[in-house]
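For reference, the structure is listed below as structure tokens.
Just so it is clear, none of the values below were taken in a lab; they were calculated from the coordinates. Predicted, not measured: the structure shown is a model, and the values here were computed from it. Cβ sites come from the backbone with ideal geometry, for glycine too, and all protein chains shown count toward neighbours.
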Amino acid sequence: MKCPHCHNTIEVFRNPTPTVDIIIEIGERIVLIERKNPPHGWALPGGFVDYGESFEAAALREAEEETGLVVTGLRQFHTYSDPDRDPRQHTASTVFIAQATGQPLAGDDAGKAELFSEDSLPELAFDHGRILADYFAAKKHEV
């Protein structure tokens, strides 16, 4: 690609877009949101990391925006980066686990926010089924 100002050749890099997802534990259940925007379906709360924002701050922000919950005990779980995990573009999502109390209230781009147990999960968007399978397997090994 040519620079429009100096006409030198410049390289253009395409990189995965950083995102976060949050597994919010309330007792023995987790919070999922039903997405208002494509791709539709149930998903973990989460979203894109803003420029100048840490991944931890993005996770806290997204949790509150989409569920109305203030979470505590935020800790990193795993990063998922399969190029096909998001049909819109290549994303790399760092998944966090946190705890909250109270009832989730849908906000921002969430149509609904509800609590689910491992045996009552709905069909999930993105790769969130894989993420939650890894999470529940890890929980079983913690005990």
- request: For segment 99-126 and segment 55-88, write down the distance between their C-alpha centroids in whole Å.
  value: 13 Å
field: Label point distance in nm, residue 15-residue 48, each placed 7 Å from Cα along Cα→Cβ
entry: 1.5 nm
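I need the calculated FRET efficiency for the pair residue 6 and residue 70, taking r as the beta carbon distance and R₀ as 41 Å, to the nearest 0.05. Before the final figure, lay out each step's value.
Values: r = 49 Å, r/R0 = 1.20.
It comes to 0.25.
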query: Relative to the longest principal axis of the chain, what angle (0 to 90°, nearest 10) does the C-alpha long axis of helix 128-142 take?
result: 50 degrees
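Relative to 2.2 N^0.38 Å, what does the C-alpha radius of gyration of segment 60-143 come to as a ratio? Two decimals please. Don't jump to the answer; show the numbers that get you there.
Details: Rg = 13.5 Å, N = 84, 2.2 N^0.38 = 11.8 Å.
For segment 60-143, the normalised Cα radius of gyration is 1.14.
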field: Within segment 19-106, trypsin sites (Lys or Arg not before Pro) in DSSP loop having at most 10 other beta-carbon neighbours inside 10 Å
entry: 88
statement: Extension length gain for residue 136 and residue 118 (0.36 nm per residue less Cα distance), in nm, is 5.7 nm
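Averaging over all projection directions, find the projected area of the Cα convex hull of the chain and quote it in nm² with one decimal place.
Working: hull surface 40.6 nm².
Directional mean of the projected Cα hull area for the chain stands at 10.1 nm².
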message: Using a Cα-Cα cut-off of under 25 Å, which lysines could be cross-linked to residue 112, ignoring same-chain neighbours fewer than 8 residues away?
response: 36
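For segment 30-102, what D do you get in µm² per second when you plug the Kirkwood radius from alpha-carbon pairs into Stokes-Einstein at 25 °C and 0.890 mPa s?
On the way: Rh = 13.1 Å.
Rounded, D is 188 µm²/s.
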